[in-house]
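Working notes, beginning with the structure itself.
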Amino acid sequence: MLLLSVLYRLHSINYLVAYLIYSLRWRFSLMNSKWRAKRNRASVALIKPELQIFLNFGMTCSEFYSYVLSDRKLLTAAASGRNITGEGAA
């Protein structure tokens with residue numbers, strides 16, 4: 001029984017490592033696709049937010065565009081350079 005428990009743990013660790021490696025490869029692949037030949041001179045400061053938005057938002061680009069256009073408060077804050085956070089931010 002002890003051998004079975006040890007084998008299960010090793011198997012679990014193996015899958016975890018495989019998933020982490022896959023996840024890293026996927027993220028680097030996305031980064032390379034965003035940093036294509038036309039944008040060769042793009043800085044890390046430009047690519048990083050684009051990747052963060054792509055990875056963390058559950059909306060497509062067109063859905064996000066429609067959302068931003070419909071939120072006047074967000075557009076006003078963006079135009080003025082203010083920071084806003086959350087739904088009820090002032």
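The values are calculated or read from the model by the stated rules, or taken from the named source; none is laboratory data. Bear in mind that the values here come from a model prediction, so they are computed numbers and not experimental data. Quick reminder, even Gly has a Cβ in these numbers, built from the backbone with ideal geometry, and neighbours come from all protein chains shown.
Within the set of pairs 6 or more residues apart or between chains, which connect a residue that is closer than 19 Å to Ile53 by Cα and of a type in the set (Gly, Ala, Ser) inside region 68-90 to a residue that is surrounded by 12 or more Cβ atoms within 10 Å (Cβ to Cβ) and modelled with pLDDT under 65 with Cβ atoms less than 8 Å apart?
Ala77/Ile84
Looking at (1) in a loop (DSSP other than H, G, I, E, B); (2) surrounded by 10 or more Cβ atoms within 10 Å (Cβ to Cβ), can you tell me which one Arg41 breaks?
All conditions pass for Arg41, except number (2).
Within region 61-70, can one find any residue that is in a helix (DSSP H, G or I) and at pLDDT below 85? Explain how you work it out, then say what you get.
Applying the first criterion (in a helix (DSSP H, G or I)) to region 61-70 yields 61-70.
Still in the list and also at pLDDT below 85: 61, 64.
Yes, there is a match, as at least one residue in region 61-70 is in a helix (DSSP H, G or I) and at pLDDT below 85.
Kindly list, by first and then second residue, each pair from a residue in region 1-16 that is modelled with pLDDT under 85 to a residue that is part of a helix (DSSP H, G or I), limited to pairs with Cβ atoms under 9 Å and residues at least 6 apart or on different chains.
Note: no pairs meet the criteria.
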